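What follows is a short report on a single structure.
Each reported figure results from applying straightforward, stated rules to the coordinates on display, with no laboratory input. Just so we're clear, the structure is a prediction, and the values are computed from it rather than from any experiment. Please note: Cβ atoms are built from the backbone with ideal geometry, for glycine as well, and neighbour counts cover all protein chains shown.
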Amino acid sequence: MQAIILHQTGNKTNYSDLFRIEDVPVPEISADEVLIKIFNASLNHRDLWIAEGAYSKIRLSVILGSDGAGIIHDKGKNVNNFSIGDKVMIYPCSNWGSNENFQNRNFEILGMPADGTFAEYVKVRSSAVFKFPEHPGFAQASAFPLAGLTAYRSLFVKAELKNTDNVLITGVGGGVASFALMFALRAGAKVFVTSGSDDKINKAVSIGAESGVNYRSPEWQNELKDKTGNKIDVVIDGSGGEYYSGYIDLCSYGARIVSYGATLGAADELDLHKVYWKQLKISGSTMGTVSDFRNMLEFTDTNKCEPVIDKVFPFKDFPEAFDRMKDSEQFGKIVLEFAK
Ligand SMILES: NC(=O)c1ccc[n+]([C@@H]2O[C@H](COP(=O)([O-])OP(=O)(O)OC[C@H]3O[C@@H](n4cnc5c(N)ncnc54)[C@H](OP(=O)(O)O)[C@@H]3O)[C@@H](O)[C@H]2O)c1
């Protein structure tokens, strides 16, 4: 099979120096595993962090990719719940453990250390495989797992979103953020966004957001205060950095802030007086349990949620796909396509 193999890490702009497309053996499956023929795989910022060496315990050489959709090509002798040819997607977490509130120490994500979905075939334990809801195609199904799960848990488990909430989703062009936008809208909340691009703000508004501000504007905080009527009940943030203290200023009493990422690094400051006086609830969130995944699929099916697909690249053009993510050019999910 052909696979995109990461051989070395580095903060280079030319991703073809780090990865090579190679012919490698199709993985052999055990009794409890299935072999999936991948039609589409989607990128996550995690793939970029790993390629750049900004991730712990990197194993090389490795096939990255946490998200994939395709068909069951082969199955182990203990697998009774799937037939060859079933259309499936993958729950990309292993070893969550028994506590719903947080993952085990040996928690893993598909696509490092285990070989992932940036290949024509991937092997996965059958308990992590789901037939996908009726409506999406393969490209759309491949967009859901990691980002959709993260957005779902952040909004519904951590922030306990209500339909009366005003929600702020930061960096709306991102993969997780684009799912948070869609899920919050379907749940009936009012959504406000930030982005570094006015075009992306306009796109979010065309999807259903109330309005948004460009975080590059020095006045972004005041602009957001005006637009939200000084009422923000929930913040879903994946970037952190110098903006974080501004979210605390903007929050209403009793607001919930959920951090699922820190693309810009640590928050510059945290005014604890505001945190306790406003009785804020600050949570972290990482992906989700298999029940969260099931609930997300049920929610997307019931509400006919369509992921926002930014662009689909033939897998051989993966360096362009990585460049697009590195330069924050995308709105939604970047998808790779393998031969059907
Ligand atoms: N905890 C978890 O389980 C989990 C799961 C998934 C992702 N993550 C982390 O979450 C982050 C986003 O992941 P992703 O896959 O969604 O990445 P992505 O698709 O590459 O999106 C990143 C987005 O960050 C936004 N951004 C850049 N500067 C910003 C700023 N100053 N303020 C607000 N947003 C800013 C950009 O939004 P605009 O284009 O709109 O400007 C960009 O599109 C990454 O750090 C990732 O590692 C964590």
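Descriptive notes on the structure:
- Rounded to 5, the percent of DSSP beta bridges in the chain classed as antiparallel: 55 percent
- Reciprocal of mean inverse Cα separation for region 149-284 (Kirkwood radius, Å): 14.4 Å
- Karplus 3J(HN,Hα) series, Hz, for region 57-70 with 6.51 cos²θ - 1.76 cosθ + 1.60 (x for Gly, Pro): 6, 6, 9, 10, 7, 8, 9, 7, x, 9, 10, x, 9, x
- With the convex hull constructed from alpha-carbon coordinates only, the chain shows a mean projected area of 16.5 nm² over all directions.
- Residues Val24, Val176, Val122, Val129 arranged by fewest to most Cβ contacts within 10 Å: Val24, Val129, Val176, Val122
- For Asp323 and Thr302, the difference between the fully extended length at 0.36 nm per residue and the C-alpha to C-alpha distance is 4.1 nm.
- Normalised convex hull volume, region 220-340, alpha-carbon set, Å³ per residue: 163 Å³
- Computed from backbone phi with θ = phi - 60° and the Karplus coefficients 6.51, -1.76 and 1.60, the 3J(HN,Hα) list for region 121-130 is 9, 9, 9, 9, 5, 5, 5, 9, 10, 10 Hz; x is used for glycine and proline.
- For the pair Phe107 and Lys131, the difference between a 0.36 nm per residue extended length and the Cα-Cα distance amounts to 6.3 nm.
- Region 1-32-region 105-154 distance, computed between alpha-carbon centres (Å): 17 Å
- Centroid-to-centroid separation of region 258-331 and region 178-227 [C-alpha atoms, Å]: 15 Å
- Gaussian network model of the chain, Cα within-10 Å springs - most flexible of Gly241, Gly76, Gly229: Gly229
- 20 Å Cα-Cα reach of Lys37 towards lysines, excluding residues that sit fewer than 8 places from it in its own chain: Lys75, Lys77, Lys87, Lys123, Lys131, Lys316, Lys340
- Rounded if a/c under 1.5, otherwise prolate or oblate - region 1-103, Cα gyration tensor axes: oblate
- Model label points for Glu160 and Ser56, set 7 angstrom from Cα along the Cα-to-Cβ axis, are 3.0 nm apart.
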